[in-house]
Amino acid sequence: MTICIDDSILDITNSGPVLRASRCRACGHDSFPVSERCQRCMAEEIEPLAIVGRAQLWTWTSQDFCPKSPYLECDKKPFESYYVGYLNPLNTSVLIESRLLQPGQPVIGDLYELTTLNLLPENGAVVTTFAYRSIAI
Amino acid sequence: MSGVAIVGVGLSPFGRSSMSGLQQGAVAVRAALEDAGLQWTDIQCAYGGSQDAGNADALANLLGHTGIHFTNIWNGCATGGSAISAAANAIRAGEADIALAVGFDKHPRGAFAAKPSDWGIGDWYGESGLMLTTQFFGMKINRYLHDHALDPSILAQVSRKAYANGAITPHAWRQQTFTEADINQSDMLSYPLRKLMFCSPAEGGAAIILCRSSLAKDFHSTPITLRASVVRGREFGSFEVFSPSLPTARGRSATEIASVAAFEQAGVGPGDIDVAQLQDTEAGAEIIHLAENGFCEHGEQGEWLKQGHTEIGGKLPVNTDGGCIANGEPVGASGLRQVIEVCWQLRGQGGRRQVPCQPRLGYTQVYGAPGISGVNILERAR
Ligand SMILES: [Zn+2]
């Protein structure tokens, strides 16, 4: 059975994944996950913001050793290194931290697209989280 | 900041010990008392902290119940900075003439395990493989190198210096030198940071006795005046650990804010400092902190290292005892070790690692998650 890792942050629709974020009506600051108050100006006038599509890579690193629990694949062998980064979804004022999917070493400034990543814990479940996939050729 | 001096320092050497964390704290306090020629019954108030080794005020079980107010302090890796600042403020406020700042710790081996709920973050963050401090340090320095056109090879230069200084520091945990090639061949943990570029959790204790300056000469022949002792938080938008998202507009870091306030309090500038201790959780932190504390411009670090400015004998020796990289990080004690090393340097007690030409002004900066920085400026009393 495939389950969403947390439906308060991620909505998996027929047309693809959507990140549930929020935008402050007072100052325009964007938050992910949704914030009850604006973290910048503390205003309470918050509207939902759906983040989809493309984003630009701001920074990145590699994860070259297997993380401990609660990482869902902490028991998976052999461990395969993965990349993580912060990306700026186009037309937002936020950088989102995410797993990166791509063949080679990431490059700051490259474009990515929001997608999903299935994690396979030992208990046999399939847990879907979000990730960004490189669209650089 | 007029009126407060350091008259006693003591360390229970960092590394691995058969003693409990509290016992290591007591060893440090006894050493500091001996250094100042004082008894535990002379201490009028105390501030201390530990992450994994118990409540600091339980030190009274080992040192004696004298009825003083012993305040437990907890500010992550910046705990030592908060303890010394609080002790100095107690003297400034007239609450005490003689005060103690102490820290100790004993951590399990390996990277600190963090729980998302302790940080107000959903479980999805850890489950997705994002909740690792090593990733944060890798991403922060990767962007910094990119923004300021710095070559990643400077990371191995900083690490080489840390081990070289540790090797001539009798109480340092890591006593082995490594070449830049050795460092660049150690395991990659989070690009561009390799295993030998990181400090490790460790054990140890550190204690400092402060007093009203007018009394200082009664206790130590070379008192160290605390010219500034400042702890500050961050502005919204600073890049900190365990952030599922960040605003695109950056705010000033805790270190930038604390450093400006400390120089203002002391009435001196970065160019006046003769010796410094800067938080080096990993090699990239020392690079960033050189600029965030005002010692060089952002992007100048490559030239600074090429010229050897941060070596013992350079124009600003940094982390003369090998810093966190060579000493490990017992969280509660780490910020106090920095101050103790600078006191030894200002007193001329640095042994083989002594900075030449009788340094007069010293500087320490400790940084803790999620965005707390403690800065001290110290001066050898004339
Ligand atoms: Zn706002």
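Readers should treat all values here as calculations from the given coordinates under stated rules, not as data from a laboratory. Worth saying up front: this structure is predicted, and the values here are computed from it rather than measured. Cβ placement follows ideal geometry from the backbone for every residue including glycine, while neighbour counts extend to all protein chains displayed.
Relative to the Cα centre, the charge distribution of the stretch A:1-119, modelled as +1 at Lys and Arg Cβ and -1 at Asp and Glu Cβ, gives a dipole magnitude of about 120 debye.
Within the stretch B:84-155, list the trypsin sites (Lys or Arg not before Pro) lying in a DSSP loop whose Cβ has at most 11 other Cβ atoms in a 10 Å radius. Don't jump to the answer; show the numbers that get you there.
Numbers: sites: B:R92, B:K106, B:R109, B:K140, B:R143; in loops: B:R109.
Those satisfying the criteria are B:R109.
Between A:A26 and B:H69, the modelled labels are 3.6 nm apart [label points 7 Å from Cα along Cα→Cβ].
Summary value for the stretch B:26-158: 22 percent relative contact order, contacts being C-alpha pairs under 8 angstrom separated by 6+ residues. What distance in nm lies between label points placed 7 Å from Cα along the C-beta direction at A:N91 and B:S153? Placing both labels 7 Å along Cα→Cβ, they lie 4.5 nm apart. Based on C-alpha pairs under 8 angstrom that are at least 6 apart in sequence, chain B has a relative contact order of 26 percent. Exposure here means at most 13 other Cβ atoms within 10 Å; with GluC sites (Glu not before Pro) in a DSSP loop as sites, the longest stretch of chain B lacking them is B:96-296.
Computed about its Cα centre, the charge dipole of the protein assembly as shown is approximately 880 debye, with only Lys, Arg, Asp and Glu carrying charge at their Cβ. Computed from the C-beta positions of A:C41 and B:A261 and an R0 of 25 Å, the FRET efficiency is 0.55 to the nearest 0.05. Separation of the alpha carbons by more than 21 angstrom is noted, of B:K140/B:K306; B:K161/B:K306; A:K77/B:K140; B:K195/B:K306, for B:K140/B:K306; A:K77/B:K140; B:K195/B:K306. Pick from B:T134, B:T248, B:T79: which is most flexible by mean-square fluctuation in a GNM of chain B where alpha carbon atoms under 10 Å apart are linked? Its mean-square fluctuation being the largest, the pick is B:T248.
Show me the helices of chain B, taken as full DSSP H stretches, that run 15 Å or more along their long axis by Cα and average 0.0 or above in Kyte-Doolittle hydropathy. Walk me through the numbers before you get to the answer.
Values: long enough: B:21-36 (23 Å, 0.36); B:79-92 (20 Å, 0.49); B:133-147 (21 Å, -0.63); B:154-167 (20 Å, 0.13); B:254-266 (18 Å, 0.65); B:331-347 (25 Å, 0.41).
Span-like helices in chain B: B:21-36, B:79-92, B:154-167, B:254-266, B:331-347.
In the protein assembly as shown, taking the dipole from charged Cβ atoms about the Cα centre, the farthest positive-side position among A:Y112, B:A56, B:C45 is held by B:C45. With coordinates expressed along the principal axes, the C-alpha atoms belonging to the stretch A:1-133 extend over 49, 34, 29 Å, beginning with the largest. Tell me which of A:S15, A:L90, A:A50 sits at the most positive position along the dipole axis of chain A, charges placed on C-beta atoms (Lys, Arg +1; Asp, Glu -1). Checked the options; the winner is A:L90. About the centre of its Cα atoms, the stretch B:107-233 shows a dipole size close to 460 debye [charges on the beta carbon of Lys, Arg (+1) and Asp, Glu (-1) only; nearest 20 debye].
Cβ distances below 4.7 Å define possible disulfide partners, and in chain B the cysteines left without one are B:C45, B:C77, B:C211, B:C296, B:C343, B:C357. Taking B:L278, B:L150, B:L290 in turn, the Gaussian network model of chain B (Cα-Cα springs below 10 Å) assigns the largest fluctuation to B:L150. Tell me which aspartates and glutamates have Cα within less than 17 Å of B:K217's Cα, excluding those fewer than 8 residues away on the same chain? In chain and number order, the partners are B:E34, B:D35, B:D42, B:D97, B:E379.
Once Lys and Arg get +1 and Asp and Glu get -1 on their Cβ, which of A:S81, B:P108, A:G124 lies farthest toward the positive end of the dipole of the protein assembly as shown? Looking along the dipole axis, the top candidate is B:P108. Computed extension gain for A:I12 through A:K77, at 0.36 nm per residue and net of the alpha carbon distance, reaches 20.6 nm. Straight-distance candidates among the aspartates and glutamates for linking to B:K106, with alpha-carbon spacing under 12 Å and chain neighbours fewer than 8 residues away dropped: B:D52, B:E203, B:E329.
What's the exposure ranking of B:L215, B:L246, going from fewest to most Cβ atoms within 10 Å? Walk me through the numbers before you get to the answer.
Values: B:L215 14, B:L246 21.
Fewest-to-most ranking of B:L215, B:L246: B:L215, B:L246.
Look at the alpha carbon pairs under 8 Å that are at least 6 residues apart: their mean separation over the length of the stretch A:48-137 gives a relative contact order of 31 percent.
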